[in-house]
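Here's the structure, in structure tokens; my notes come after.
Any read-out appearing in this document is the output of simple, stated calculations on the displayed coordinates, not a laboratory observation. Here the structure is a predicted model, which means the values were calculated and not measured. Cβ atoms come from the backbone with ideal geometry, glycine included; neighbour counts cover every protein chain shown.
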Amino acid sequence: MKAIIIDEPWISMILSGQKTWEMRKSANHDRGLVGLIRKGSGHVVGVAELVASLPAIDPEDYAATEHLHGIRGERQTWAITEGYTVPWVLAGARPLTRPVAYRHKSGAQSRVILDEDVGRAVRDQQPSETKSQTVPVTTVDAPLVPLRPRTEMPRVPLSRTRETPDSRIDGDWACVSLTQGNLNSGHFYLRSILEFFPAAAVGGSDKGQIASLLLDLAIEGVGTVRTDITGPDRLGRPGKSNHRLFRDRTSIAKFFKATGAEAGDLVMIERRGPQSFHVTLKKAASPL
């Protein structure tokens, strides 16, 4: 098990839910449950899910994402100057009931690999469902791997004469029909099925307002990607987009191309876990 060393006041902010972005100088390719070490304490004091490592944010986006990284005022200037511009996205942070002492290895600066007995002591304090949960490490080019046996596709009525998309939520399935405008723009709207997704996965209008929870989308013909859902501008700036759609529009455009999507086809979205979804295309001419 791996752990991250975090100084105050940031670790307390993370454990209290006030901070979900831990700003660092370089990317972190680890995923899943990690220990949180209070710098200088010699103890693992909490855990969190490391769900993503985002591209470095621009200096102008630092203020817009203050609600995520918690760095305020003059400290922002210092952080930018020092190169702390890469967000490590944490979810579900929680303190340990009993902090666990660890041995700090020589040369370790910000990340450590915990000894087996220390990792076990940390995991033993987690709920049973958390112990068995794993967060897959995936890339855009990763193959689609079924996460559980396929269930019967719901029967969804489709009107091919409407100009606006038909949509429906049916248990662990949701669908949206495509318009030519969707295909031209490389996206489809999620507003009508927004309740199908976790509320924490809805961010703001631009890349500086990414949600604290990222979704794992296994997309037919593309692979597995991580993204959030765009939402209203959190700064109330006029003219900003207020649409609800998957932020990774490049992957959606590739999905349309790989599947030969046409107006009237259905995008089928299967929920396979709290933040895991499978996106496929159902041709309009196919039986539902």
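Of the strands (runs of 3 or more DSSP E) lying entirely inside region 177-288, those containing at least 2 residues that are closer than 26 Å to residue 29 by Cα, under 15 Å from the mean Cα position of the chain (by Cα) and hydrophobic (A, V, I, L, M, F, W, C) span 215-219.
Each residue in region 70-116 was checked for being in contact with a Phe, Trp or Tyr (Cβ under 9 Å, 6 or more places away or on another chain) and within 14 Å of residue 2 (Cβ to Cβ), and 5 of them qualify. Only a single criterion out of (1) touching a Gly at 6+ places or on another chain (Cβ under 8 Å); (2) within 21 Å of residue 64 (Cα to Cα) is not satisfied by residue 259, namely (2). Which one is nearest to residue 197 (Cα to Cα), of the residues in region 212-230 that are small (Gly, Ala, Ser) and surrounded by fewer than 23 Cβ atoms within 10 Å (Cβ to Cβ)? Across region 212-230, the extreme among qualifying residues is 212. A Cβ distance below 6 Å, combined with a sequence gap of six or more or placement on separate chains, defines the contacts here; from region 183-208, residues that are over 14 Å from residue 248 (Cβ atoms) reach residues that are among the charged types (D, E, K, R) in the pairs 191/244; 194/244; 204/233; 204/234; 205/233; 205/240; 208/61.
There is no residue in region 236-243 that is in contact (Cβ under 8 Å) with a residue 24 or more places away in the chain and surrounded by 20 or more Cβ atoms within 10 Å (Cβ to Cβ).
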